[in-house]
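Working notes, structure below.
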Amino acid sequence: MAERLLYWIPRVFTILAILFMMMFSFDAFEGNEPLGKKIIGLLIHNIPVLILIIILAIAWKRELIGGFLFILAFIAGGIFFKSFSGNAASLIVIGPFFVTGCLFILHYIFYRK
């Protein structure tokens, strides 16, 4: 039972965090620009989301590598958003990726096959 929980919690939590990040990209549809520019803006806003989806696909099969990649994504997001030097509110967006990275690594350590 504990193994199944530790298997599914980081995956579901990561999907929810990615959807939360994706929600912020819909502000690209505001304004008076043509639809083509709005769609390009949406795609540009979703580049970090696409990277996180790729990391999730890696973590699904290779938990240790994926866990370290999520922690690296957390650090990169912290540097990009200046979370460690005054913008602590951005940790709400990037913090779940540190937690899921740790959970992927813990599952790998405790239930290695």
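Restricting attention to the range 52-102 and to residues that are basic (Lys, Arg) and not in a helix (DSSP H, G or I), the residue that is surrounded by the fewest Cβ atoms within 10 Å (Cβ to Cβ) turns out to be LYS82.
Scanning the range 27-58 for residues that are in contact with a Leu (Cβ under 7 Å, 6 or more places away or on another chain) and at pLDDT 95 or above returns ILE55, ILE58.
The values are calculated or read from the model by the stated rules, or taken from the named source; none is laboratory data. The structure presented is a predicted model; accordingly, all values stated were derived computationally and were not measured. We place every Cβ from the backbone using ideal geometry, glycine too, and count neighbours over all the protein chains shown.
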